[in-house]
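Everything on this sheet refers to the single structure shown next.
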Amino acid sequence: MSMIEARLPLGGYPLAQAEPAEALAAAPAMVRTPMPHTLTPIVPPNSISGRALVAVIAIMSFLAALTLGAVVLVRGAAAEWQSQVAREMTIQIRPADGRDVEAEVARAVDLVHATPGIAGVKAFSKEESARLLEPWLGTGLALDELPIPRMIVVTIAAGGAPDLDRLRKTLAERVTGASLDDHRGWVERMRTMTRTAVAIGVGVLGLVLAATVLLVAFATRGAMAANRAIVEVLHFVGAKNRYIAGQFQRHFLWLGLKGAGLGGGAAIALYLAAGLIGSHYRGTATEDQVEALFGSLALGPAGYAGIVGVIVLVAAVTAITSRYTVHRTLSALE
């Protein structure tokens, strides 16, 4: 046969009067151009179950961040209370028959002034001491005949450490009816309250993390069941468990970051709004009451850093749980 005889090249149609080199050169471009190469994730990125998981993680992260912020506020307020209470103590002088109460008060003030570590002493008058009883007894009562004790408020200097045992003993010996209260009972109660609040916050965070682990484990099993055919094919053609688990880990890490970011961001926005509202009512009775209970409603850098830490922790728990679940499931296939 002649070299110029019609041939059938790779394209599937004849080329007449062409040499072999010319025929290959005239072959369609689609034969010599490699097909485009794309990677498709194993788990669909925008599934209904994925959006539901993001919503649930956002709710749990919001509750966890809200609890953490409340713990920070209560702990800060309790620390301020303890600081104020620990810097003050009171001396009560009960009236006694045949004794001059004013002289006893003056003697107690002199003894306190002579004690190192004392910043200030304020003795309440009889009228001021009576006004302290008005919240319980009401106004307009004749209290002249009642043996109203006299109060002396003592302020401890910053960094001072007065010898309270010695002062208490001296007052008992030299001032009739005098008793010293250093408020240790109140301080211990506030410390107990603070520890309880912190324990409750840690417990809520633990419950949130446990619920996240269970939720992500079920979601991962559901995603593997929905894509079981793909996972089995990859597994049997030699894909390593590490590669398959990495695909699921990246998917659930993104879902965890998205949900935790939404929930934590909502909590941060709520605390910022509370701080702005508190500054709007600054100087009013409402602001004084709220600040007495919860402080200034400002979390500060440490509080906001804690919420960011909750976001990262929830995302990390989500990714680690999904990877562990995939490894266990794939190990059962071997």
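The values are calculated or read from the model by the stated rules, or taken from the named source; none is laboratory data. These figures come from a predicted structure and were not determined experimentally. Every residue, glycine among them, receives a Cβ derived from its backbone with ideal geometry; neighbour counts consider all protein chains shown. For the accessible areas, the whole protein counts, side chains as well, though only heavy atoms, and no ligand, DNA or RNA atoms are used. Shrake-Rupley method; radii C 1.70, N 1.55, O 1.52, S 1.80 Å.
Results, tabulated for the structure shown:
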| read-out | value |
| --- | --- |
| From phi via Karplus (6.51, -1.76, 1.60), per-residue ³J(HN,Hα) for the range 245-258 in Hz, x at Gly/Pro | 5, x, 4, 5, 5, 5, 4, 6, 5, 5, 5, x, 5, 5 |
| Length gained when the stretch residue 191-residue 266 is fully extended (0.36 nm per residue, less Cα-Cα span) | 24.0 nm |
| Long-range HN-HN contacts of residue 87 with modeled amide H, under 5 Å | none |
| Note, ³J(HN,Hα) from phi for the range 197-204, Karplus 6.51, -1.76, 1.60, rounded to Hz, x at Gly and Pro | 4, 5, 5, 5, x, 5, x, 5 |
| Simple spin-label estimate for residue 128 and residue 202 in nanometres, 7 Å along Cα-Cβ | 4.3 nm |
| Extension gain, residue 110 back to residue 59 (0.36 nm per residue minus Cα-Cα distance, nm) | 12.3 nm |
| Summed residue charge, Cβ within 14 Å of residue 58's Cβ, Lys/Arg positive, Asp/Glu negative | +2 |
| Order by protection proxy (mean Cβ within 10 Å, highest first), peptides 205-218, 66-79 | 66-79, 205-218 |
| Per-residue SASA entry for residue 243, accessible area with 1.4 Å probe, Å² rounded to 10 | 120 Å² |
| Where labels lie 7 Å past Cα in the beta-carbon direction, separation of residue 100 and residue 277 in nm | 5.8 nm |
| Relative contact order for the range 93-239, counting Cα pairs under 8 Å that sit 6 or more residues apart, in percent | 26 percent |
| Coordinate range along principal axes, alpha carbons of the range 97-195, Å, largest first | 42, 36, 20 |
| Residue-by-residue Karplus 3J(HN,Hα) for the range 186-191, coefficients 6.51, -1.76, 1.60, Hz, glycine and proline x | 5, 4, 5, 5, 5, 5 |
| With all protein chains modelled, accessible area of residue 113 [1.4 Å, Å²] | 120 Å² |
| Difference of contour (0.36 nm per residue) and Cα-Cα distance, residue 243 to residue 146 | 26.4 nm |
